[in-house]
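Working notes for the structure below.
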Amino acid sequence: MQYSKRLQQQISQAISDVEQLTDAEVVCVLAPRSDDYYYIPALWAALLALVSPLLLVLTPWWGHSSAVSLLQLLVFVASWLLFRWQPFFQRIIPQPVRYWRAANMARRQFLENGLHHTREGMGLLIFVSAQERYVEILTDRGIAQKIADEQWQDIVSAFVQQVKRKQIAEGFIQCIQSCGRLLAEHYPATQDKNELPNKLVVLPD
């Protein structure tokens with residue numbers, strides 16, 4: 001997923017501007033997707049193959065093991081290829097699975113980007129998984145003491161709508177600014193520091 005240098009700079013500048021107003025450290029991570037989900041088409045194809053012998057009940061081939069085995073093989077291969085086709089592929093992945101994988105990715109990125117190592121626990125992660133249309137804001141213990149998770153929900157909901165409209169870069173900027181206002185209210189800047197890079201981290205596809 002490519003973004004122009006100008007948009008990257010705008011996001012970096014938005015982070016820098018916010019960190020002038022608060023002691024919090026903001027990191028933005030964009031994942032094109034949180035999983036390849038290749039096992040999902042195989043599971044659906046296997047399920048169809050298991051029930052496919054019922055199609056032979058009213059035919060002369062019922063009871064012939066070779067016919068049943070051939071039918072199951074053909075159904076499995078045809079279904080697997082069909083479910084790998086993107087229009088179907090996007091529809092057969094259950095939403096709870098999508099969100100579970102994206103949530104796991106968000107927590108992994110929180111740790112990998114060192115947000116749990118800032119002074120006074122002032123790290124905040126804005127995470128987006130584009131394919132899942134998933135947005136989450138994660139905070140370290142210092143921020144969580146005064147700002148409950150529920151207070152971020154309106155910001156997250158607005159960003160999700162922009163992700164659905166494929167306005168991810170613009171959504172990041174608005175989300176950063178909204179987070180900045182809330183952070184500045186509870187944790188205004190008291191020192192000049194910059195512990196983490198002020199840039200958008202784009203994960204490989």
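The values are calculated or read from the model by the stated rules, or taken from the named source; none is laboratory data. Only a predicted model underlies this, so the values are computations on that prediction, with no experimental measurement involved. Neighbour counts run over all protein chains shown; Cβ positions are idealised from the backbone, glycine included. Side chains are part of the model used for accessible areas, which takes the heavy atoms of the whole protein and leaves out ligands, DNA and RNA. Shrake-Rupley method; radii C 1.70, N 1.55, O 1.52, S 1.80 Å.
Under 10 Å, Cα contacts only: if you run a Gaussian network model on the chain, which one of Gln131, Gln86, Gln177 comes out with the highest mean-square fluctuation? Maximum fluctuation in the GNM of the chain, among the listed residues, is at Gln86.
Shape analysis of region 115-157 places it in the oblate category; the axes a ≥ b ≥ c from the Cα gyration tensor give an a/c of at least 1.5, with a/b not above b/c. In the neighborhood of Val163, defined by Cβ-to-Cβ distances under 14 Å, what is the net charge if each Lys or Arg adds +1 and each Asp or Glu adds -1? Net of charged neighbours comes to +3.
Here region 70-127 is assigned +1 on the Cβ of each Lys and Arg and -1 on the Cβ of each Asp and Glu. Its dipole about the Cα centre then comes out at about 100 debye.
Each stretch of four or more DSSP H residues adds -39500 (n - 2.57); spread over every residue of the chain, this sum gives -17000 deg cm²/dmol at 222 nm. Calculate how steeply helix 153-164 sits against the longest principal axis of the alpha-carbon atoms of the chain, using the helix alpha-carbon long axis, and give the answer as 0 to 90 degrees to the nearest 10. Tilt of helix 153-164: around 50 degrees. Shown here for region 65-143: chymotrypsin sites (Phe, Trp or Tyr not before Pro) in loop regions (DSSP other than H, G, I, E, B) with at most 16 other Cβ atoms within 10 Å, namely Trp85.
Just the number, please: percent antiparallel of the DSSP beta bridges in the chain, rounded to the nearest 5. Just about 40 percent of them are antiparallel. Summing charges over neighbours of Asp35, with a neighbour being any other residue whose Cβ is under 10 Å away from its Cβ, gives +1 when K and R count +1 and D and E count -1. If the segment from Lys199 to Ser157 were pulled out straight at 0.36 nm per residue, it would be longer than the present Cα-Cα gap by 12.9 nm.
With the highest mean first, a sort of the peptides 162-172, 185-195 on other beta-carbon atoms found within 10 angstrom per residue produces 162-172, 185-195.
Of the residues Val51, Val68, ranked by 1.4 Å probe accessible area with the largest first, the sequence reads Val51, Val68. Charged neighbours of Gln131, selected by a Cβ distance under 11 Å, balance to 0 (K, R count +1; D, E count -1).
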